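See below for the structure under consideration.
The values are calculated or read from the model by the stated rules, or taken from the named source; none is laboratory data. Model, not experiment: these values are computed from the prediction. So basically every Cβ, Gly included, is an ideal-geometry build from the backbone, and we count neighbours across all protein chains shown.
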Amino acid sequence: MTDTPSETVANGPLHGPLQSEMFVVHGGPKRKAEEKHKRKPLYGNGLKAPSPIGKNFVLDTNVLLHDPDCLDRFGDNHVCVPLEVLCELDKFKNEQSERGASARSVHRKLAALFAKHPENATTGIPNREGGSVRLVPAQPTATNRSAVVEELLAVFEGQISNDNRILICTQLIAEKNTAPTILVTKDLNLQLKAHAIGIPCEDYQNDKVDSAQVGAASPIVVEIKPNDLQRFASTGGLDLPSHVRRISPNEYVLLKAGDKRTMPARMGVDGAFHKLNIPEQIRIQRGAPLRPLNLGQQCFLDALLNPEISLVTCYGQAGTGKTLLAVASALHMTFDGVYNGVTVSRPVIPMGDTLGFLPGSLEEKLDPWLKPVYDALEFLLTPEQGTAKRKQAQRPQRKGGPEFPPAGGGKRSYDPFLESGLIEIEALCYIRGRSIPNRFFILDEAQQLTPLEAKTIVTRMARGSKLVLVGDPAQIDNPYVDRLSNGLVYTRDRLRDEACSTHVTLERGERSQLAEAAARKM
């Protein structure tokens, strides 16, 4: 049995008459070469910018995941998205996480951008400000290999990864344009590679805040006359002096008249200074009393107890009382009927190696992460003396809130509040789409959030709710943010001039002398 032409093609090379017959059918070698020469490429290489005006910014995958709206953040410059970046985004699009949501958002934005003119995907779609966005599928070929590209290929020989391909792509774009070409990435290792081989590289700066705003900052001192300070102490209000610079709404200051006469104040939305409104102590039912121990804690407590301020951000190193004061204020205002309950959460970002998946219900899974909150609850709900606890156990239940749970039964002092829903544990991975009304929401370790996650949480707050973000920008375990680009500092920077928000920085530790020394010197 002889092989059919199709079998011969599938099983091996063609020889003899059959080979000649095949060439005759397709027009011969000469015609094939002519057709190959005339054939137009299916796509452009995306190397040339549509205009010589404006820089070329090559985006890494992590930049798009960090901020899906970054395509509109480069003004009149040209944004380049390498094909390798699209391939990496494709790996994340099915994740049921914030990263997966960001990948899907980028895909939708790019698809909508190129839907009407797909033929311009590699030549560039112009934006409103004179710049453009284009895809770059270019790879080094025999026609575009310069001496620098050849050198890069030799350096990366045997270790061609997507990062290295992006570096080569950036070099190809730089050689085809007179304007500067810059790689934008949040990957520190890729930045180091780019610096080593001479490729201009920058971090994504749009959501970074000024480093001066993140450092420890005591309330600014406002010099006033002694009679003005006396009038402020008696009336509780003082108009802003003409010689004082503009102060943001709800910003805290220290009024000073002379060397030893000082008094803290808050700038109101009416443009005048107001006296702090804080109790001498906070006591939750028959628990331990809590008093502000320094100026920073006084300002923080005033912000926490002010129902007109719906967003409070707070920086503070370990032991400054951030979580304890927030939890105490939340329970105090809930028992007074201002809010319907307390919601607590924190990002699930481990420090170092983890113990794997945790079994149990949602509360049981989050229990190890919320230990600082539970420690605060245990402290606030435990009487100072055991004898006082036994004597007061016979008193009638207080009106307006749940009674302090009796001892025994193997329950923690705050378990009844969890069971009744007065204290709610919220997992951030399920918060998208929720609307949270009339709750006092505490988000601990907020410096672990990305700016997009912080925006998602802030926009969940409905009418009557208060959001408190506390954390230490110097203690970050999330690899995708840093001291200047995390969700805590981003939220404070973007909303600092809003009448419904305020910020306090706690500098003095009160946990113990050892903790204070370690926070400052280690």
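The residues of region 190-210 that are more than 16 Å from the chain's Cα centre (by Cα) and touching a residue at least 12 places away in the same chain (Cβ under 8 Å), listed by number, are Leu190, Gln191, Lys193, Ala194, Ile197, Ile199, Pro200, Cys201, Glu202. Checking each residue in region 152-178 for being surrounded by fewer than 15 Cβ atoms within 10 Å (Cβ to Cβ) and part of a loop (DSSP other than H, G, I, E, B) picks out Glu157, Gly158, Gln159, Ile160, Ser161, Thr178. When Asp259 is tested against the conditions (1) in the same structural domain as Arg231 (by TED's automatic domain parsing); (2) touching a residue at least 24 places away in the same chain (Cβ under 8 Å); (3) surrounded by fewer than 16 Cβ atoms within 10 Å (Cβ to Cβ), the lone failure is (2). For region 328-347, give me the residue count where each residue is farther than 26 Å from Pro451 by Cβ, in a helix (DSSP H, G or I) and not polar (S, T, N, Q). So the answer is 5.
For first residues located in region 236-247 and within 20 Å of Leu276 (Cα to Cα), partners that are outside any strand (DSSP E or B) and aromatic (Phe, Trp, Tyr) and lie 6+ apart or on another chain with Cβ distances below 8 Å form the pairs Leu238/Phe232. Restricting Arg108, Arg99 to residues that are under 30 Å from Arg432 (Cβ atoms) and loosely packed, with under 14 Cβ neighbours inside 10 Å narrows the list to Arg108. Residues of region 138-151 that are in a helix (DSSP H, G or I) and surrounded by 10 or more Cβ atoms within 10 Å (Cβ to Cβ): Val148, Val149, Glu150, Glu151. Candidates Asn478, Asn438: the one that is in contact with a helix residue (DSSP H, G or I) (Cβ under 8 Å, 6 or more places away or on another chain) and either free of Cβ contacts under 8 Å to residues at least 40 places away in the same chain or not hydrophobic (A, V, I, L, M, F, W, C) (or both) is Asn478.
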